[in-house]
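Written below as structure tokens is the structure these notes are about.
The values are calculated or read from the model by the stated rules, or taken from the named source; none is laboratory data. The structure presented is a predicted model; accordingly, all values stated were derived computationally and were not measured. For neighbour counting, all protein chains shown are included, and Cβ atoms are generated from backbone atoms with ideal geometry for every residue, glycine included.
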Amino acid sequence: MGIIIKQSIKGSIWSYVGVLIGFVTTTYLYTEYLTTELVGLFGLLASYAALTGQLFLLGFQGVTSRLFPYFRNKQNKHNGFLFIAALVFIIGFAVFLAAYYSFKPILVESNLEKSTLFAQYVHLLVPLTFFSMAFIFLDTYNHLLYDAVTGTFFQEFLQRLLLFSIVILFALNFINLHQLILAFTLVLCLKGLFLFFFLLKKEEISFRPQLNFIDQKLKKEIWSVALYSVLASLGSVFVFNIDKIFINQLLDLSNTGVYTIAFYFGTLVVIPSRPLLKISGTLIADAWKKNDLGQIKDIYYKSCINQFIIGGFLFLGIWANIDNILVILGEDYLQSKWVIFFVGLGYLFDMATGANAQVIGFSKYYRVALVFIVILIVIVISLLYLLIPFWGITGAAIAIAGALFLNNMMRYLFLLGKYRLQPFNYRFLVVILFYTVVYFLLQLIPQQQLILDIFIRGSMISGLSGLLFFLTPISEDMKAIGKKLMNIIGK
């Protein structure tokens, strides 16, 4: 687990520096200087780009995740892997363009009244999709080169720093609304471009064809994995981006904006898992290649307990300060309270179940995930249609939380039944009991002035958590980190 912890820490550092910048941007600049409609436009464009970027890669991100280890050979330019990737990319983007120009009139017409801004700027989906496709593929490729940090740096830190900068320029009247929207689009595109030049500098980019490397067996496997992946990747991204699209269609762009801000707070819980799962997936893929079930079991268990501890810490920190968060956001965002709760709770359960998707995805039973996805899509669409008209954006949050719970329960039961992989033990109950007790202790503290109140509650959560997890064997990895910190402080 050494490489996982090392890269997770590096990735988490960049993620949380980015979170601090994103926190200021989202909670102050967005709410102070942007309308809820404009925030909704930003959220909607990002969601559409995530969906189209995944779909029109035609499953090749799945081929990369599963089959690149068979191509990996830097001296031989990875046996022409990027030449095949480039062909798929060109074909996929051409298919997107055909679909976009076919459906654009319908998309514009359906948004003219409720979401005028989106109707005006729907053409921005073309560059956003292109660079979303580029980043998704290149980031997958790069973390299979054992680098889970650089993509995190570009997406979680640099992108947020640039977004902060352009909103500041708008607040100071250096750019107008139209220029802000174009600048937002450019910022979302840049991470794909930056990652390409980073890999080019590392001499990991080569489009030299080596088709003779691909024998009939490998060719058949590529087609099989691609067909599966285009459906599976669409399903997972569809489920967790479709909420904003449904809110926009069933309510309006303003509600989409409020939900976008609330969703941001809910997803703070899951940010540390991204670098961990990227590098865990790489090691799990190698372990399956060697059929080392013992190593897979070890990675699976540690990913569950470590993520649950971190996720619980963050969820408690957010929910214990929910009244302070609502004061910061302002009256326009008061309805976001339970969105934050349900999205955060859903992602906490997602973290508690660890690298289950990676264990299944790299196993010989990877196709079973498609069955889970199909079930999931049906349930999520049904829940969104049922709950949004009754409970508005809170209904959408409940639907997403339900989807996360269901998806992970299906994965958990499959791994338990097929491989007898069972990551949960009494330590998870200790963690739950500990965070519950801390939460009720915090309720005894009278509400203070905003900054002081946040400081007091945050200090109590951090201090008590540090004492438990750094000094006891609940998690050996956490205890090891605690010892390192104590050694640094001692020096």
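Below, the figures for the structure above:
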read-out	value
Selection count where residues are surrounded by fewer than 15 Cβ atoms within 10 Å (Cβ to Cβ) and either part of a loop (DSSP other than H, G, I, E, B) or touching a strand residue (DSSP E or B) at 6+ places or on another chain (Cβ under 8 Å) (or both), scope segment 172-208	8
Number of the condition not met by PHE153 [criteria: (1) surrounded by 21 or more Cβ atoms within 10 Å (Cβ to Cβ); (2) in a loop (DSSP other than H, G, I, E, B); (3) of a type outside the set (Gly, Ala, Ser)]	(2)
Condition check for ILE136: of a type in the set (A, V, I, L, M, F, W, C) and either touching a Ser or Thr at 6+ places or on another chain (Cβ under 8 Å) or surrounded by fewer than 17 Cβ atoms within 10 Å (Cβ to Cβ) (or both)	no
Which listed residue, of ILE325, ILE379, ILE375, is in contact (Cβ under 8 Å) with a residue 24 or more places away in the chain, closer than 29 Å to GLN443 by Cα and either in a helix (DSSP H, G or I) or more than 20 Å from the chain's Cα centre (by Cα) (or both)	ILE325
Within segment 64-110, tally of residues that are closer than 17 Å to VAL225 by Cα, modelled with pLDDT under 90 and among the aromatic types (Phe, Trp, Tyr)	4
Members of segment 113-149 found to be at pLDDT below 90 and in a helix (DSSP H, G or I), listed by number	THR116, THR140, TYR141, ASN142, HIS143
Among (1) aliphatic (A, V, I, L, M); (2) modelled with pLDDT under 90; (3) buried (at least 18 other Cβ atoms within 10 Å of the Cβ); (4) more than 30 Å from ASN255 (Cβ to Cβ), the one test that LEU467 misses	(3)
Failed item in (1) in contact (Cβ under 8 Å) with a residue 60 or more places away in the chain; (2) closer than 23 Å to LYS418 by Cβ, with GLN307 passing the rest	(1)
Filter pass, THR140 being closer than 22 Å to GLY40 by Cα, hydroxyl-bearing (Ser, Thr, Tyr) and in contact (Cβ under 8 Å) with a residue 12 or more places away in the chain	no
Unmet criterion (only one of (1) under 20 Å from the mean Cα position of the chain (by Cα); (2) at pLDDT below 90; (3) among the small types (Gly, Ala, Ser)) for SER363	(1)
Flag for ARG160 being exposed (fewer than 15 other Cβ atoms within 10 Å of the Cβ), touching a residue at least 40 places away in the same chain (Cβ under 8 Å) and of a type in the set (D, E, K, R)	no
Matching entry among SER224, SER229 (being of a type outside the set (Lys, Arg), at pLDDT below 80 and surrounded by 21 or more Cβ atoms within 10 Å (Cβ to Cβ))	SER229
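Conditions tested, residue by residue: (1) more than 24 Å from PHE246 (Cβ to Cβ); (2) among the hydroxyl-bearing types (Ser, Thr, Tyr).
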| position | (1), (2) |
| --- | --- |
| LEU345 | no, no |
| THR353 | yes, yes |
| GLN358 | yes, no |
| TYR366 | yes, yes |
| TYR419 | yes, yes |
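Residues checked against (1) under 30 Å from PRO209 (Cα atoms); (2) aromatic (Phe, Trp, Tyr); (3) more than 26 Å from the chain's Cα centre (by Cα):
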site	(1), (2), (3)
GLU37	no, no, no
LEU44	no, no, no
THR64	yes, no, no
SER102	no, no, yes
